[in-house]
Amino acid sequence: MKRKAFNELKTWKNTSCGESALLVRGARRVGKSYIVEEFAKQEYKSYILIDFNLVDEQVRDMFMHDLSDLDTFFLKLSTLFNTKLYKRESVIILDEVQMFPRARSAIKYLVADGRYDYIETGSLISIRKNVEGILIPSEEDKLDMFPMDFEEFLWAIGDETMYTLIRNCYEKKKPLGQALHRKAMDLFRQYMIVGGMPQAVKEFAKSHDFEKTDREKRRILNLYRDDIRKHAGNDAMKIEAIFEELPSQLKNQNCHFKLSSIEKGARFSEYKDAMFWLSDAMIVNNCYNSTEPNIGLKLNRDRTLLKCYMGDTGLLISHAFDENGIVSGEIYKKLLLDKLEVNMGMVVENIVSQMLIVGGHKLYFYANSDRNDKDNRMEIDFLIAKSKISNRHNISPIEVKSGKNYTLTSLNKFRRKYANQTHIPYVIHTGDLKDDGEVFYLPIYMTELL
């Protein structure tokens, strides 16, 4: 399937010219290995793919003992994989490199040699046990891969025109109009409930069967559970408890993650490693409270107060509605028609967090629970900084609204209190684009363009 990462790989190849390797990171089953191999097939004369999930000890031994003689190393590699290597025209792919960190530390010497290009792929790449005892190469560029975005989803189901229109209307600040907006929302709801994991999208594009698609998503969720049990060490039970609790936590709108729901009296210091493990594995996206909505949101980050969003909203839906082991096609149809008798706020807020991440933003929110002054008491779903920082008006507050009838109490309080800091206030909603001169109302399918 067509992925935007392909063009980023081309950019890396053309700019690095063999002076750096590329590490492609992402959650399991996000499509890393597939797109890298497709890139190798199309852009190089030959390639060797070393999958460290599968290779035997002979290949591992080469990385341990033969790097001092690279002529012999490459000759052995070429023979073992029955592939001729061409100077500056071949690429060597180190797939699932986290399974053998010694190969990652070898990048320093391989890049210095300069004969070939190198691409590494990995999930759980920054988990502590996968970087212990190795030298992280400075000759390593990084590319983060996420689930398929809305435009990639549209490509996969055969729609090549809708997103071009969406982008055009966003740039010109014009609404799509009733009929086209309705069509865009219908397509977006499909994307929201199927999600962006390539296996699930492929099944949906082929069969348009929600139950078959749900089975694909459930396999991925079970893979994540297996990874936690296998790779998380002493924190495995805490991490799995957080993972299983995610849907119910997100159901409580405008609430940070409450560890007390997992264990009475639990403290953040006891669970922080577990929270960050899920983030490092790119299974979740953590959203931090910024205590002062100004430039340098990270400088004012409160690491103890956070929201925890699933990395893929389609997986969240399968994770949340699983009383019978599989989400029925009937539930999916109700979700598609926006007729399910549940609060859809958590799903809509999750997809917005996912799209902001893909758009290049870190996730921050603002919360003030002042008990003495109601004018200070507010919660803003997301904060983003504008691309070009100036003396004033650098931060855009974002409120996410899943229903048609809503108030903007917190947003209005924020605008009054932080008038000098506020850039463009956004409401992301299910309606069409609208600018009333004070607040910019953005249809949810445009979020990634912010």
Please list, ordered by chain and number, the residues whose modelled amide H lies under 5 Å from the amide H of L23; skip anything fewer than 5 residues away on the same chain. E120, D141, K142, L143
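Name the chymotrypsin sites (Phe, Trp or Tyr not before Pro) in the range 392-450 that are in a loop by DSSP and that have at most 16 other C-beta atoms within 10 Å, would you?
Numbers: sites: Y406, F414, Y418, Y426, F440, Y441, Y445; in loops: Y406, Y418.
Qualifying residues, ordered by number: Y406.
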For the range 5-144, compute Rh as the Kirkwood radius over C-alpha pairs and then the Stokes-Einstein diffusion coefficient at 37 °C and 0.692 mPa s; write the answer in µm²/s, rounded to an integer. 219
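What's the ranking of 264-272, 153-161, 28-36, 141-149 by average number of surrounding C-beta atoms within 10 Å, highest first?
Numbers: 264-272: 12.0, 153-161: 15.8, 28-36: 22.6, 141-149: 20.2.
For the peptides 264-272, 153-161, 28-36, 141-149, the packing ranking is 28-36, 141-149, 153-161, 264-272.
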Nearest-ten-degree value, helix 32-43 long axis tilted from longest Cα axis of the chain: 60
Between helix 178-194 and the chain, what is the angle of the helix's C-alpha long axis to the longest principal axis, kept within 0 to 90° and rounded to the nearest 10? 50
Which of I193, I395, A320 sits closest to the plus end of the dipole of the chain, meaning its Cα is farthest towards the positive end, when Lys and Arg get +1 and Asp and Glu get -1 on the C-beta? I395
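Tell me what the chain gives for mean residue ellipticity at 222 nm when only DSSP H runs of n ≥ 4 count, each as -39,500 (n - 2.57), the sum divided by the residue total, rounded to 500 deg cm²/dmol.
Taken over the chain, the calculation gives -13000 deg cm²/dmol.
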Under 5 Å, built H, 5+ apart or other chain: amide partners of I157: none
3J(HN,Hα) from dihedral phi, the range 379-387, Karplus parametrisation 6.51/-1.76/1.60, rounded to Hz, x for glycine, proline: 9, 10, 4, 9, 10, 10, 9, 6, 5
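How much net charge surrounds A266 when only the other residues with a Cβ under 10 Å from the Cβ of A266 are counted, with Lys and Arg +1 and Asp and Glu -1?
Numbers: positive: K238, K258, K264, R267; negative: E263, E270.
Net charge in that neighbourhood comes out at +2.
Write out the GluC sites (Glu not before Pro) in the range 338-402 meeting two conditions: DSSP loop, and at most 10 other Cβ atoms within 10 Å of their Cβ. Walk me through the intermediate numbers first.
Details: sites: E341, E349, E379, E399; in loops: E341.
Filter output for the range 338-402: E341.
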Tilt, helix 236-251 to longest principal axis of the chain (alpha-carbon atoms), in degrees rounded to tens, equals 30
Counted charge near A200, where neighbours are those whose Cβ lies closer than 10 Å (Asp, Glu -1; Lys, Arg +1): +3
What GluC sites (Glu not before Pro) does the range 30-133 have in DSSP loop regions with at most 10 other beta carbons within 10 Å? E132
Taking amide hydrogens as modeled 1.01 Å from N in the peptide plane, which residues meet the under 5 Å criterion relative to N285, leaving out close sequence neighbours? Y309, M310, G311
Can I get the semi-axes of the chain's equivalent ellipsoid? Compute them from the C-alpha gyration tensor as square roots of 5 times the eigenvalues, in angstrom, largest first. 40, 25, 23
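Coordinate-derived values only; no laboratory data. Everything numeric in this text was worked out from a predicted model, so none of it was measured. Please note: Cβ atoms are built from the backbone with ideal geometry, for glycine as well, and neighbour counts cover all protein chains shown.
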